[in-house]
Amino acid sequence: MTSNIQENAAAFDPAAHGWNPIRPGSDSGFTNLIGPFWSRSEATGWAYGFLAGPHHANGLGVIHGGMLMTFIDQSLGRLAWEAIGRAPCVTAGLNTHFIAGARPGDWVEARGRVVRKTRSLVFMQGALTVNDASVLTAEGIWKILGQA
């Protein structure tokens with residue numbers, strides 16, 4: 001199984017498919033530990049991706065739910081940040097729904113959208129996919145810092 005994981009991981013080259021690495025240091029130390037994460041501008045907005053590795057897996061050999069939740073949180077947070085003119089914001093709430101598993105070697109993509117913005121909050125929806133198949137859906141609220 002390990003050689004299969006390595007073959008799958010080597011098979012997908014994000015840069016060759018128009019993805020750009022998110023600079024180390026542009027996120028928190030924690031995010032740098034679990035990345036790298038990649039981004040790509042698309043007609044409908046930004047998309048984010050990461051190549052799932054063995055270090056992201058749980059004891060059952062699937063990507064840990066905490067990793068998937070972290071990735072959707074990070075991705076929707078970046079989309080919220082862009083939507084509010086790059087003002088600082090933090091996650092106020094995040095609901096996730098697991099649809100299917102991802103495995104080491106999978107390229108996991110995140111896309112989302114702003115549902116609503118107020119003066120102090122951004123409401124988001126998003127999803128994670130592998131090969132266009134749903135892995136996770138999420139709804140969240142981001143608090144714009146400095147706004148009452």
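The values are calculated or read from the model by the stated rules, or taken from the named source; none is laboratory data. It should be emphasised that the depicted structure is a prediction, and the values quoted were computed from it without experimental measurement. All Cβ positions, glycine included, derive from the backbone under ideal geometry; neighbour counts span all protein chains shown. The protein model used for the area step is the full one, side chains on, heavy atoms only, and it has no ligands, DNA or RNA in it. Shrake-Rupley method; radii C 1.70, N 1.55, O 1.52, S 1.80 Å.
Here is how the numbers come out for the structure above:
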read-out: Complete set of residues in region 66-95 that are within 17 Å of ARG113 (Cβ to Cβ) and in contact with a helix residue (DSSP H, G or I) (Cβ under 7 Å, 6 or more places away or on another chain); value: GLN74, CYS89, THR91, LEU94
read-out: Qualifying residue in region 93-105 (condition: free of Cβ contacts under 8 Å to residues at least 40 places away in the same chain, under 27 Å from SER120 (Cα atoms), surrounded by fewer than 16 Cβ atoms within 10 Å (Cβ to Cβ) and more than 14 Å from the chain's Cα centre (by Cα)); value: no
read-out: Some residue of region 114-121 being open to solvent by less than 40 Å² (accessible area, probe 1.4 Å) and of a type outside the set (S, T, N, Q); value: no
read-out: Test: residue in region 61-78 that is of a type in the set (S, T, N, Q), within 23 Å of ARG23 (Cα to Cα) and open to solvent by less than 30 Å² (accessible area, probe 1.4 Å); value: yes
read-out: Test for ARG116: is it modelled with pLDDT under 95 and either of a type in the set (A, V, I, L, M, F, W, C) or more than 15 Å from the chain's Cα centre (by Cα) (or both); value: no
